[in-house]
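To keep things clear, I will list the structure first and then write my remarks on it.
The values are calculated or read from the model by the stated rules, or taken from the named source; none is laboratory data. All figures in this text were calculated on a predicted structure; none of them were measured in a lab. Note: ideal-geometry Cβ built from the backbone for every residue, glycine included; neighbour counts use all protein chains shown. Remember, those area values only see protein heavy atoms, side chains included, never the ligands or the DNA or RNA. Shrake-Rupley method; radii C 1.70, N 1.55, O 1.52, S 1.80 Å.
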Amino acid sequence: MVALCARAALLVAGLAVLALGLPGPAAGAVDRFALANGCYALRSASAERFVVKSGAGWRAASASADAEGFRMQATALGRYLLMARDGSFLAAGEGLGTIARSGLAGVTAAPAASGEWRLDEASGDTFELTAVTDGRRLGVDAAGALTSGPSASPFEFVATDRCAAFPEAEVNVTGTPYRGPTSYGETKGLIETHLHGMAFEFLGGSVHCGRPWHPLGITVALLDCPDHGPGGQIAVLENTQASGNPAQGHNTDGWPSFTGWPHHRTYTHEQVYYKWLERAWRGGLRLWTNLLVDNEVLCEVYPFKRNPCNEMDNVRLQRTRIGELVEYIDAQNGGPGKGWLRIVRDPFEAREVINDGKLALVLGIETSKLFDCGEVNYKPQCDRATIDRQLEEVHAMGIRQMEVVNKLDNGLTGVAGDAGETGIAVNAANKQDTGHFWAMATCLGPTADSDHDEPQITNAPGGGRDELVGAILGRFLPPGAAPVYPPAPHCNQYGLTDLGAYLVRRMMQKKMLFDPDHMSVKARDQALSIIEAQDYGGVLSSHSWSTPDSYRRILRLGGVVTPAEKTVARFLAQWNDLKAYRNPRYLYGTGWSTDMNGFAAQGGPRPGNDKNPIAYPFRSLDGSTTVDRNRTGTRTWDLTKDGTAHFGLYPDLIEDVRNVGGGEVARDLLNGAEAYLQMWERAQGVRGPECRAAQRRFIPGGLGEIRIGTRAQRLLWTAGQPASRPGRVWTWCAAGKRGGTVKAVLTKGGRVDLVASTARLHRYASVGAGSRASLLSGRTRRLGSNLRIRRARSGTNRVVYGVRRGRVTFTAVVSRATASSPKRLRTALRLARLR
């Protein structure tokens, strides 16, 4: 049944699109990666004939005129499906019912593992093809029939235009995504700090339907869960939460019609297919944090599973999977490193990736038993050695952002809990796992009304934020009595344990980003106090599971807060509330965290959007691309009508925020990537922005820590973060009553080429801004009417003074190479806005 549906989808998408030859080598491509998505005829080098379809198999029998055209669909780096014009595939023959004789290469009607081939370079411009499933090799027998067995024949790939299109989601974004003018300068763009792209493997691997990619393509990736049954009638969790009526069911068709899902209220269906992610990147997304997520108790109680339930084992599995996704995207784009998605391990690498026009991927963790550190009756089930060992392991895996708790109390910290009816079910799971319910009591203190944990059912009936979690637990956990809590507001009395405090300190030592979301108010306060004592800036609230006091403290440290509100109105309200907490010392930027694929509903159509709807097509927030309505298969999505049904509509959502909220919120969103990177730099130990000392004097090599020839990253370590760094110009303020600015102009390659200051006490040879120009007489030579230049006392650099109306306006040290070229010098001064 699946094969027939997939074949129908292939025919719908492909047969009508013949002669869509893509650019590729004219003949005999020597790069096996460059064949991706191309259209080629397959020529047997030994038989000197082209391959044609012959009944249920293939023959090398054509001189060229009627040669089969194969669409080369990459499944991984150097691996391909070979799709014929009629939508069928060249496959290894053994075990296929359509094969005329055993040992002959065969035909599959739809993408299948037997049709996946690895290409290896042979002699000259030829390749050998090996079946990925069992290692059999594609050959040609004496009669010209293609075989699959131990012997290989070399084949050439000759470009043609006689191919069908492999089915794929459209992106519907035109133009080139923003690239920075340099690799080291300021970035601009959107961030998403809380997304679960690999959730198809969590909770045993059978709760989530579909996946963000599949080697065999979209017709296999975007299928509903087998256990949802005909019409979705037995998809208990999805039906209960998405429709409120378990008998209603949902359409399970998936590709290509998508009449039932994805939907802004779907919890168990894929919403982050890689082409939708690509659309988000092309529409302005520049940094994405993928949180590896799992919950052992939820996994254990849910009856369907194919993966083990240990959370850390699933973290390892998801880490492997996301590496495979990056490789898959590389494969679609021509080879290793050529894709638009890159895993980054520090802010310097991330800055280079973003300025190269690609999407930086930060890896994080969100689990309930981080490092297997549960607790039973408040006794931790781990020790410091366990924490050290697993922290080293995940750091080596590239993990850089972590929460220490999710749904249940653990050996590190108490949890904030869940509200309402969801809270009852999750609290029961806490009891089953730890031996006790949450230790909720009435909060005390002047800020208790705003800084509290999730209210319990005694005083706050309702669903809660993560309703599906409660649905799973409520359906499959044995019934039991829930505790009766005192009046709200509620605070979990279980705070940060000694092991939890140890982990916070170890994360700072490893220069990782700490996210206190989901911690109890008590534990979060204790953790932030540890962080504040170290003035550590690597802290963020990734999805609004903290409290106002925590947001204030995080932003005061120079951290980042990205709301996860589900509607435009609520997002704008929280953005407005956060204004009061901003620290003017640091660049402020924010993002919208969707928590997609994490049992989080998304926003539906905005009420009243008929009065000011999104005007498709629109320009991306950074202005680099044009975004139209998204089409996948036969379905077209419009945010105005569908809400945020999948992650590809993230740019549309941000456009709606700009549409309603105006230019100020648009600017803060556009600053999101830069604010995150600067926060991460400070976590690495780079000093935050500060004014340069007023009493510094120029020396032949530069001014203070800003020296000619210093590379950009080294400059950060020595001089600290500048107040701004667009393009090639970095700017610091100068201390003192009269102030001024210090600027460094870097070469395109990232070395300091000029250092200038307008501060009066930043002088060379006792001459600086404000000095009489007559003091330069006899000591300098003119370079035009407003510049004076001299050789530095030692070394090869030059000193330049700006002059206007008889006074010096700036002092600068510049490299000899630039000073020797008046044009280059004037360009550098113009970039620094000193001319």
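Does region 678-687 contain any residue that is closer than 25 Å to N172 by Cα and modelled with pLDDT of 95 or more? Steps first, please.
Looking only at region 678-687, we keep the residues that are closer than 25 Å to N172 by Cα, and these are none.
The answer is no; no qualifying residue exists.
Working only within region 374-392, note down all residues that are small (G, A, S) and surrounded by 19 or more Cβ atoms within 10 Å (Cβ to Cβ).
At the first step, the residues of region 374-392 found to be small (G, A, S) are 374, 385.
Listed by number, the list holds a single entry, G374.
Enumerate the helices (runs of 4 or more DSSP H) found wholly within region 630-694, keeping only those where 3 or more residues are over 19 Å from N583 (Cα atoms). If you could, list the steps in order and put the result at the bottom.
Values: elements: 639-642, 650-661, 663-670, 672-684.
It comes to 639-642, 650-661.
Residues in region 625-637: is at least one free of Cβ contacts under 8 Å to residues at least 60 places away in the same chain and within 25 Å of the chain's Cα centre (by Cα)?
yes
If you scan region 688-698, which residues turn out to be modelled with pLDDT of 95 or more and under 20 Å from T796 (Cβ atoms)?
Result: F698, single match.
All but one of (1) under 22 Å from A165 (Cβ atoms); (2) part of a loop (DSSP other than H, G, I, E, B); (3) modelled with pLDDT of 80 or more hold for D31; state the number of the condition that does not hold.
Going through (1) under 22 Å from A165 (Cβ atoms); (2) part of a loop (DSSP other than H, G, I, E, B); (3) modelled with pLDDT of 80 or more one by one, D31 breaks only (1).
Could you list, in sequence order, the residues of region 735-761 that are under 13 Å from F810 (Cα atoms), touching a residue at least 40 places away in the same chain (Cβ under 8 Å) and in contact with a strand residue (DSSP E or B) (Cβ under 6 Å, 6 or more places away or on another chain)?
Once the filter is applied, which keeps residues that are under 13 Å from F810 (Cα atoms), touching a residue at least 40 places away in the same chain (Cβ under 8 Å) and in contact with a strand residue (DSSP E or B) (Cβ under 6 Å, 6 or more places away or on another chain), region 735-761 yields V742, K743, L754, V755, A756, S757, T758, A759.
(1) part of a strand (DSSP E or B); (2) closer than 28 Å to G334 by Cα; (3) open to solvent by 10 Å² or more (accessible area, probe 1.4 Å): which one isn't true of T75, the others all being true?
Unmet condition: (3).
Those residues that are open to solvent by less than 10 Å² (accessible area, probe 1.4 Å), farther than 18 Å from G538 by Cβ and among the charged types (D, E, K, R), I need them from region 393-414; list them, please.
Selection gives K407, D409.
Residue-by-condition table, conditions (1) touching a helix residue (DSSP H, G or I) at 6+ places or on another chain (Cβ under 7 Å); (2) surrounded by fewer than 18 Cβ atoms within 10 Å (Cβ to Cβ); (3) over 17 Å from G217 (Cα atoms):
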| site | (1), (2), (3) |
| --- | --- |
| F89 | yes, no, no |
| L104 | no, no, yes |
| W117 | no, no, no |
| A142 | no, yes, yes |
| S148 | no, no, yes |
| T160 | no, no, yes |
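Does F618 meet the test of being surrounded by 23 or more Cβ atoms within 10 Å (Cβ to Cβ) and among the aromatic types (F, W, Y)? Spell out how you get there, then give the answer.
Numbers: surrounded by 23 or more Cβ atoms within 10 Å (Cβ to Cβ): no; among the aromatic types (F, W, Y): yes.
Criteria not met by F618.
Can you go through V220, V171 and tell me which one is in contact (Cβ under 8 Å) with a residue 40 or more places away in the chain, among the aliphatic types (A, V, I, L, M) and over 21 Å from L77 (Cα atoms)? Give the steps one after another, and end with the answer.
Working: V220 fails: over 21 Å from L77 (Cα atoms).
From the options V220, V171, the qualifying one is V171.
Consider only pairs whose beta carbons are under 9 Å apart and that are at least six residues apart or on different chains; among these, list those whose first residue lies in region 497-508 and is farther than 15 Å from C373 by Cα and open to solvent by less than 20 Å² (accessible area, probe 1.4 Å) and whose second residue is in a helix (DSSP H, G or I) and not basic (K, R).
Listed by first residue and then by second, the contacts come to M507/L391.
Any idea which of (1) open to solvent by 10 Å² or more (accessible area, probe 1.4 Å); (2) modelled with pLDDT of 95 or more is the one N609 doesn't satisfy?
(2)
Is one or more of the residues making up region 275-289 within 19 Å of the chain's Cα centre (by Cα), closer than 30 Å to G357 by Cβ, surrounded by fewer than 18 Cβ atoms within 10 Å (Cβ to Cβ) and modelled with pLDDT of 95 or more?
Taking region 275-289 first, the residues within 19 Å of the chain's Cα centre (by Cα) are 275-289.
After this cut, where a residue has to be closer than 30 Å to G357 by Cβ as well, the list is 275-289.
Pick out the ones that are also surrounded by fewer than 18 Cβ atoms within 10 Å (Cβ to Cβ) and you get none.
No: zero hits.
Need at least 1 residues that are at negative phi and open to solvent by 60 Å² or more (accessible area, probe 1.4 Å) per element, so show me which strands (runs of 3 or more DSSP E) inside region 723-812 make the cut, counting only ones lying wholly within it. Show your work before the answer.
On the way: elements: 729-733, 741-746, 752-757, 787-791, 798-804.
In region 723-812, 787-791, 798-804 are the strands (runs of 3 or more DSSP E) which contain 1 or more residues that are at negative phi and open to solvent by 60 Å² or more (accessible area, probe 1.4 Å).
Among the numbered criteria (1) open to solvent by 30 Å² or more (accessible area, probe 1.4 Å); (2) at pLDDT 90 or above, which single criterion is violated by R465?
R465 satisfies every listed condition except (2).
Tell me, please, whether a residue that is out of contact with any strand residue (DSSP E or B) (no Cβ under 6 Å at 6 or more places or on another chain) and among the hydroxyl-bearing types (S, T, Y) can be found in region 276-293.
no
Tell me which residues, restricted to region 575-591, are within 26 Å of G608 (Cα to Cα) and either surrounded by 17 or more Cβ atoms within 10 Å (Cβ to Cβ) or aromatic (F, W, Y) (or both).
Scanning region 575-591 gives W575, L578, T590, G591.
Here are V404, V394: which of them is closer than 15 Å to I365 by Cα and in contact with a strand residue (DSSP E or B) (Cβ under 6 Å, 6 or more places away or on another chain)?
Within the list V404, V394, the selection yields V404.
Condition first: of a type in the set (V, I, T) and in a helix (DSSP H, G or I). Can you find one or more residues in region 273-295 that meet it?
Restricting attention to region 273-295, the residues satisfying the condition of being of a type in the set (V, I, T) are 289, 293.
Remaining after also requiring in a helix (DSSP H, G or I): none.
The answer is no; no qualifying residue exists.
Report every pair of residues separated by at least 6 positions or lying on different chains whose Cβ atoms are under 9 Å apart, first residue within region 593-612 and within 27 Å of N290 (Cα to Cα) and without any contact (Cβ under 8 Å) to a residue 40 or more places away in the chain, second open to solvent by less than 10 Å² (accessible area, probe 1.4 Å) and in a loop (DSSP other than H, G, I, E, B).
Note: pairs meeting the criteria are P605/G643.
Give the residues of region 172-222 that are in contact with a Leu (Cβ under 8 Å, 6 or more places away or on another chain), assigned to a loop (DSSP other than H, G, I, E, B) and of a type in the set (A, V, I, L, M, F, W, C), sorted by residue number.
Answer for region 172-222, where residues must be in contact with a Leu (Cβ under 8 Å, 6 or more places away or on another chain), assigned to a loop (DSSP other than H, G, I, E, B) and of a type in the set (A, V, I, L, M, F, W, C): M198, V207, W213, L216.
Starting from region 821-835, take each residue that is open to solvent by 100 Å² or more (accessible area, probe 1.4 Å) and list its partners that are of a type outside the set (D, E) and assigned to a helix (DSSP H, G or I), counting only C-beta distances under 7 angstrom and pairs at least six apart or across chains.
R824/T818; R835/R826; R835/L829
Can you list residue pairs whose Cβ atoms sit under 8 Å apart, with the first residue in region 345-360 being assigned to a helix (DSSP H, G or I) and at pLDDT below 95 and the second being open to solvent by 40 Å² or more (accessible area, probe 1.4 Å) and not hydrophobic (A, V, I, L, M, F, W, C)? Count only pairs 6 or more apart in sequence or on different chains.
none
Hey, among G672, G633, which residue is closer than 30 Å to D535 by Cβ and either buried (at least 24 other Cβ atoms within 10 Å of the Cβ) or out of contact with any Cys (no Cβ under 9 Å at 6 or more places or on another chain) (or both)?
Values: G633 fails: closer than 30 Å to D535 by Cβ.
Only one candidate qualifies: G672.
Only residues that are part of a loop (DSSP other than H, G, I, E, B) and under 39 Å from the mean Cα position of the chain (by Cα): list them for region 695-717, please.
Kept after step one, since they are part of a loop (DSSP other than H, G, I, E, B), are these residues of region 695-717: 695-697, 700-701, 704-705, 708-710.
Residues satisfying the conditions are G704, E705, I708, G709, T710.
Go through (1) surrounded by fewer than 24 Cβ atoms within 10 Å (Cβ to Cβ); (2) on the phi < 0 side of the Ramachandran plot; (3) at pLDDT 95 or above and name the single condition R524 misses.
R524 satisfies every listed condition except (1).
Counting only residues that are of a type in the set (D, E, K, R) and surrounded by fewer than 24 Cβ atoms within 10 Å (Cβ to Cβ), which one in region 418-433 is nearest to N295 (Cα to Cα)? Outline the logic, then answer.
Kept after step one, since they are of a type in the set (D, E, K, R), are these residues of region 418-433: 418, 421, 431, 433.
When the remaining residues are screened for being surrounded by fewer than 24 Cβ atoms within 10 Å (Cβ to Cβ), the result is 421, 431, 433.
Values: E421: 19, K431: 15, D433: 11 Å.
Here the residue is D433.
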